[in-house]
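**Student:** Sharing a structure here in structure tokens format.
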């Protein structure tokens, strides 16, 4: 996992749109502990904006009444929250024990060599973004790669290459 | 907590408070269980795992001591091979990415990680991969500088801002080996107790901009004291030192635990108020602005005292109880009036509901206890016909609201016995420097009626006299602390039963104030 604590500014204030406002209002009474609202609120931000900016975190803190630092903690802890605008295809490579021992590093290195893509970054053409994440729960078929929420198990460089080629052949 | 239970530690029986967690319970009988994250004011968090102990009674064999209440018959094992292995493993983990920059770290000498390494580990590093780099010298605001690489992620600072100040500026961001303490961008520490995180930090991750690189802690002499920053009178430790070829000075104040007053913490204003003890001090006696010897100055004062028909003494509510009593007796001896008016020490609206009080005087209740008048009317009345004013470190005349008093002072001979330079003291006819509260022993009563005693911390190269000595030298009847207490115990009812030598480190609540 890379350092996710350098937050990115969107350069504009954030506010829920009508749909998310309605959803947030619906969720509110379900969380008597308002701190617990932070995570669903962050999901709503990501749904609306595609990623979570510094301004959006401030907005979530204000809406939930939580400390800014609490929102900061949760948003940086969970790699499912995008703290940068992701690429068209978001690639997650598991870095926890089983995948680590089964040489997930070869996959990371392959992406660096072939797509010039390092964890936490997006390719220049905006097609791919990469994040190293903690355990994805498929240790039995390590190493595991997740692309746009779909699991690819028992990965190696060849399979990864084929997968990328497939995705690349799509029209932008 | 008075109920006791018997339990065994490494096979030896001890009697400890029932219900207290094992760290606190055993600490009370002199047995230390190593820990990073637990702090009695912040509760058990259980994240550092350093306090794991074995309990031989069928429960899960290893438990965190901070979360385990002491119970009758419990068999606690602190020194098994299994526990020692855990302690070594945790220290090895904490040290994987630690910079081990002890030679330049302010915490060295009072660092839990350093102490535990020396006590439990002493292992060489087995790491042959690159260390995780994090940020250093982060300005967290409030005078706190953070080094993420030294941090052990115990979370004490984070819990302090959430539980005690309820400002929540700090958080632990990222996860795993990238986890670090951070502030939200643009939201620095913004509370008046922020520097407590420096003291809470078990390692050198939180440092004080004020103290950084100023002094190695093993050179510091640590004397118990009482903060004179406001009427709360928090218990403090005065850390002072005389560097070679220099004068003794104070390097920092730290909170001293006192369950009657401040718990484990003090405010930042109080913590930094030591600067006032070091700076802007009066050192040389002056007569009409001309430096003189102490003997010449005393002779000049005696001459004035002999001639004055209506002397008036103005005492400060920061003077110690003993000094105030000595001043009162001095006034009786010389037929002088005594006033304790000092409205300037009150900063309305500055206090909060925690430790900070509006009243910035440390010992105002003593004025009332001794029956020294503090009203403006009395002082105004006395000034009306006074021909000599002796101020004992009090200046009620310069404050804008009291301009009429300063007008009345014109033409009256003024003697200032004072600790610090200020316009009024500097322009007095005679100026006698006196010791400030870190340089004498005494007692003060805080706004809740808690009487605390403190010893002399700093001895300057050229000490100036303490007020009590000075008043005695000028013909006051109270010769020393012992005489002051003998007199007060007879004359002042609430002090009748107080044995000054048995006041104790936490002070005592006075009845009948």
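Values quoted throughout were computed directly from the atomic coordinates according to the rules given, and no laboratory measurement underlies them. What you are looking at is a predicted structure, and each value in this text was computed from that prediction instead of being measured. As a convention, Cβ positions derive from the backbone with ideal geometry for all residues, glycine included, and neighbour counts pool all protein chains shown.
**Student:** Which three numbers, in whole Å and largest first, are the semi-axes of the equivalent ellipsoid of the stretch A:18-77 derived from its Cα gyration tensor as √(5λ)?
**Tutor:** Values: eigenvalues 51, 43, 15 Å².
Those come to 16, 15, 9 Å.
**Student:** Can you work out D for the stretch B:125-180 in µm² s⁻¹ from Stokes-Einstein, where Rh is the Kirkwood radius over C-alpha pairs, the temperature is 25 °C and the viscosity is 0.890 mPa s? Intermediate results must be reported in sequence, preceding the final value.
**Tutor:** Values: Rh = 12.8 Å.
Taking Rh from Cα pairs, D becomes 192 µm²/s.
**Student:** Same structure again: Can you work out the base-10 log of I(q)/I(0) for the stretch B:361-507 at q = 0.18 1/Å, using the Debye formula on its C-alpha atoms alone?
**Tutor:** Those come out to -1.28, one per q.
**Student:** Give the Kirkwood hydrodynamic radius (Å, one decimal) of the stretch B:21-104, defined as one over the mean of 1/r across all pairs of different Cα atoms.
**Tutor:** Numbers: mean 1/r = 0.0726 Å⁻¹.
It works out to 13.8 Å.
**Student:** Over the Cα atoms, compute the radius of gyration (one decimal) and Dmax (the largest Cα-Cα distance, rounded to a whole number) for the stretch B:343-435, in Å.
**Tutor:** When restricted to the Cα atoms of the stretch B:343-435, Rg and Dmax are 14.4, 45 Å.
**Student:** Is the stretch A:126-167 rounded, prolate or oblate when judged by the Cα gyration tensor, a ≥ b ≥ c being the square roots of its eigenvalues, rounded requiring a/c under 1.5 and prolate requiring a/b larger than b/c?
**Tutor:** Numbers: a/c = 2.19, a/b = 1.32, b/c = 1.66.
Since a/c reaches 1.5 but b/c is at least a/b, the shape of the stretch A:126-167 is classed as oblate.
**Student:** Same structure, new question: Would you please report the Å³ per residue occupied by the convex hull of the alpha carbon atoms in the protein assembly as shown? Numbers along the way, then the final one.
**Tutor:** On the way: hull volume 150.8 nm³, N = 685.
For the protein assembly as shown, the hull spanned by Cα atoms encloses 220 Å³ per residue.
**Student:** What percentages make up the Cα-Cα pair-distance distribution of the stretch B:184-260 when the bins are 10 Å wide from 0?
**Tutor:** With 10 Å bins starting at 0, P(r) equals 15, 44, 31, 9, 1.
**Student:** For an R0 of 56 angstrom, estimate the FRET efficiency from the Cβ-Cβ distance between residue A:47 and residue B:245 and round to the nearest 0.05.
**Tutor:** On the way: r = 68 Å, r/R0 = 1.22.
Calculated transfer efficiency: 0.25.
**Student:** Now a separate question. As a test, work out the antiparallel percent of DSSP beta bridges whose residues both lie in the stretch A:89-169, rounded to the nearest 5.
**Tutor:** Values: 7 of 13 bridges.
Roughly 55 percent of the beta bridges in the stretch A:89-169 run antiparallel, per DSSP.
**Student:** In what sequence do B:275, B:12, B:472, B:228 fall when counting other Cβ within 10 Å, fewest first? Please report the intermediate quantities before stating the final value.
**Tutor:** Values: B:275 13, B:12 9, B:472 19, B:228 24.
Placing the least packed residue first, the sequence is B:12, B:275, B:472, B:228.
**Student:** Using the count of nearby Cβ atoms within 10 Å as a rough guide to exposure, how do B:374, A:64 rank from fewest to most?
**Tutor:** Going from least to most buried by this count: B:374, A:64.
**Student:** Taking every residue in B:174-181, how many Cβ atoms of other protein chains lie within 10 Å of its Cβ, on average? Can you show the working numbers first?
**Tutor:** On the way: counts 10, 8, 5, 1, 6, 6, 3, 1.
Mean partner shielding for this stretch: 5.
**Student:** Out of every Cα-Cα pair in the stretch B:168-326, what percent are more than 21 Å apart? Walk me through the numbers before you get to the answer.
**Tutor:** On the way: 7997 of 12561 pairs.
The answer is 64 percent, as a whole percent.
**Student:** Moving on. Which translational diffusion coefficient, to the nearest whole µm²/s, is obtained for the stretch A:1-111 from the Stokes-Einstein equation, given a Kirkwood hydrodynamic radius over C-alpha pairs, 10 °C and 1.306 mPa s?
**Tutor:** Working: Rh = 15.3 Å.
It diffuses with D of about 104 µm²/s by this estimate.
**Student:** Once the convex hull of the alpha carbons of the stretch A:89-169 is built, what does its volume come to per residue, in cubic angstrom?
**Tutor:** On the way: hull volume 6.0 nm³, N = 81.
Cα-based convex hull of the stretch A:89-169, divided per residue, equals 74 Å³.
**Student:** Further question on the same structure: Arranged by the count of other C-beta atoms within 10 angstrom, fewest first, what order do A:169, B:375, A:36, B:436 take? Write down the numbers at each step before the final one.
**Tutor:** Numbers: A:169 7, B:375 11, A:36 14, B:436 23.
The order, fewest Cβ neighbours first, is A:169, B:375, A:36, B:436.
**Student:** Moving on to the next point. By the gyration tensor of its Cα atoms, with a ≥ b ≥ c the square roots of the eigenvalues, what is the shape of chain B: rounded for a/c under 1.5, prolate for a/b over b/c, or oblate? Numbers along the way, then the final one.
**Tutor:** On the way: a/c = 2.56, a/b = 1.97, b/c = 1.30.
In terms of gyration-tensor shape, prolate.
**Student:** Ok, one more. Provide, as a two-decimal number, the C-alpha radius of gyration of the stretch B:1-149 over 2.2 N^0.38 Å, N being how many residues it has. List each step's numbers first, then the result.
**Tutor:** Numbers: Rg = 17.7 Å, N = 149, 2.2 N^0.38 = 14.7 Å.
Cα-based Rg divided by the globular estimate yields 1.20.
**Student:** For the stretch A:25-172, just the Cα set please: Rg and Dmax, both in angstrom.
**Tutor:** When restricted to Cα atoms, the stretch A:25-172 yields Rg and Dmax of 17.1, 50 Å.
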